[in-house]
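In what follows, a single structure is set out as structure tokens and then discussed.
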Amino acid sequence: MHSPATTTATAEDDPLRRERDHLASSRAALRAMREDAESLDISDVAGTWVTQQVLHDQIQRRIAALADLAHTPLFFGRLDFLHAISSDRSEGAGGERFYIGRRHVHDADGDPMVIDWRAPVSQTFYRASRKDPMDIGKRRRFGYTGGELTAYEDENLSDPAELEQASALLAAEIEKPRVGPMRDIVATIQPEQDEIVRADVGGTVCVQGAPGTGKTAVGLHRVAYLLYAHRERLAKAGTLVIGPNSSFLSYIEQVLPALGELDVAQATVQELVAHVEVRGRDTAEAARIKGDARLAAVLRRAVRDGITLPTEPLVVTRGSRRWRVPVYELTGIIEELAARDVRYGAAMEALPQRIAHAVLVKMEHGGEAPDDRVQDAVARSREVKALVKACWPAVDPAKLVLRLLGEPEFLAHCAEGILAEAEQRAIGWPKPARSVKTAPWSAADAVLVDEARDLVQRTHSLGHVVLDEAQDLSPMQYRAVGRRCTTGSATVLGDLAQGTTPWATASWPEALHHLGKAGAHVEELTTGFRVPEQVIAYASRLLPVIAPGLAPATSIRTGQDTLTVRHVPDGLTGAVLTACHEALRREGSTGLIVADARIPLFEAALAEAGLAFLTPGAETTAEARLTLVPASLAKGLEYDYVVLDEPAAVVAGEPDERTGLRRLYVALTRAVSGLTVLHEQPLPAQLG
């Protein structure tokens, strides 16, 4: 009876040497694949210059995708099947062996040396178990240090005599110190995560994930999988990863390239709606109202407010004859277009042709035989243009919102029965802005402009959108994201307990409704693989107040002494610096999280103490491993060790207690190996 055990390197360790030889051969094969791509000559390829440029770009992307990342293992696992599964193997042939890695590698004969983790055969690496071996005789995991293969571990899944035991290598990979950007989790994906990653491209998936459950990495791996399985479809339509801020996007930007995907765009919601320059700031109440989905109805009224019905017939002169369309007929055309659910701009473009068609009917009744060229000429005539301009005037979205927020009478007219008078006063500007360029636009205003733009002209839809930290979006922001995937699908990631905006999501069904994906499936991840049990249990004391409907998360990380909470009655700043020094004596990254208002204090204190520090999103290195993190930017980030300064200040930095406690929950759950909480003021009562 054999239990899975980690095997370390020795001189006479032939199995390990053979695995190292396979790694060396695989790297050599990958270099050969890259050299083949680099040697391609398209100078004699027939076609236009544009065709050659497209081919050149495709080859360059292929070369970039074949890069061998020295410190990233080429393969991390091996599957030994009991029976042959390849179609070219004869019936009765013995089992097959596959190495599972980050990309496909083949030898000179085209035989696979490494199988892409996204390939169908690789799915068994993540889902096979002793209860369901899936024809796997042995699953082998590999351990690496700095890109060098140093250990392996076997699970004989089809051996009923072998005891089930936790994987030491899997635990070591999860707990590996973090230096540099966010790492991929492809080697440690769990069965419940794999189901989300490989969900069908046509469906939207919503993942409610507690801290440390790997929801962000799952979302990124889902993009990589979908691009592998549906590359042609998504390459045409496009993919996009949306994060809460630029620091977060900087943190995750290296994950997809490590998985061989180079062409996935990244943006914040604010970058998506950057039609006006944001220079103002709303009160919490104004931002909440502007983020309410009711504003979509207000804007729809505002866009269509300029539509008027004609009071005089249309007379069009063609040669020596004049053709008359009566008022009732023109009114019918305009009312029919206004009643249809089409974009304002599309209807405005259709109106001249509809009117011209009515003129052509008159011509035919008068004995003429006009064709399409005549109809186009009538549609472009001075008389028709003047009528369209008067009855269906062009709308500039930014100018429309400018008027809506700057003219109380117009807002009252458009919001009647939708917004209360007090709500109208809360969102209106104290005085009208002179122009779009000088207006005090806020972040919420920019979303309103984006909504107005979509009411005028349809927004382009992408093939797939990943929306991370979704719990912080307002209904109007959800609508803005939903417009980008109306014909595509989405992966929505978030944690209701980490909602730190006044308009934070109350429930996922409500959020998915505003996104336009009401039928999406909601998955809940509650098992943490990053945050230690002591830490997550401590933070979960806040859940009954900040998210009463959520079950507390659990963690597979059960190490002791991962949490220190200490009251410092005097000299808190010095104690915090001492804690940072202690954390930096250990391997890995350290995050010092402080309330935003206390950032200047610690910038000065760290500089005076000679402690070099980074800002959130900057890549940690062996020389610079301390990051000073404002509490407002901590979401989505993680560090080996976290020092948290003055929890009461974090709570007080928010407009209300619930939001403040949610911000504190985020700060408490950023540590992977250890958390130190230092405070002078009393802790929130919920933390005991």
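Couple of notes before you dig in:
- Spatial separation of Cα centroids for segment 286-351 and segment 618-663, in angstrom: 51
- Point-to-point label distance, E416-A652, nm (Cα→Cβ direction, 7 Å offset): 4.9
- Taking the three principal axes of the alpha carbon atoms in segment 312-466, the coordinate ranges are 61, 41, 30 Å, sorted in descending order.
- Histogram of C-alpha separations across segment 507-549, 10 Å bin width, %: 22, 35, 32, 12
- Surface composition of the chain: carbon and sulfur make up 51 percent of the accessible area, probe 1.4 Å.
- Peptides 33-42, 355-364 ordered by packing proxy, namely the average of other Cβ atoms within 10 Å per residue, highest first: 355-364, 33-42.
- For the chain, the longest principal axis of the C-alpha atoms and the axis of helix 49-65 are separated by about 30°.
- Under 16 Å of direct C-alpha separation, and excluding same-chain neighbours fewer than eight residues apart, K517 reaches these aspartates and glutamates: D200, D468.
- The calculated FRET efficiency for R382 paired with S461, based on their beta-carbon distance and R0 = 60 Å, is about 0.95.
- For q = 0.05, 0.06, 0.12 Å⁻¹, Debye-computed log10 I/I(0) when each Cα of the chain counts as one equal scatterer: -0.33, -0.46, -1.32
- Within the chain, DSSP assigns beta bridges of which about 35% are antiparallel (rounded to the nearest 5).
- Cross-link pairs beyond the 23 Å C-alpha cut-off, checked among K389/K437; K362/K385; K290/K431; K138/K215: K389/K437; K138/K215
- Diffusion coefficient (Stokes-Einstein, Kirkwood radius over C-alpha pairs, 4 °C, 1.567 mPa s) for segment 497-586: 78 µm²/s, rounded to a whole number.
- At the residue level, Y228 shows approximately 90 square angstrom of accessible surface with a 1.4 angstrom probe and all protein chains present.
- P(r), alpha carbons of segment 266-376 - 5 Å bins starting at zero, rounded %: 2, 8, 14, 15, 13, 10, 8, 7, 7, 6, 5, 3, 1, 0
The values are calculated or read from the model by the stated rules, or taken from the named source; none is laboratory data. Here the structure is a predicted model, which is why all the values come from computation and not from measurement. With ideal geometry, Cβ positions are generated from the backbone for all residues, glycine too; neighbour counts draw on all protein chains shown. What goes into the accessible areas is simple: the full protein's heavy atoms, side chains included, and nothing from ligands, DNA or RNA. Shrake-Rupley method; radii C 1.70, N 1.55, O 1.52, S 1.80 Å.
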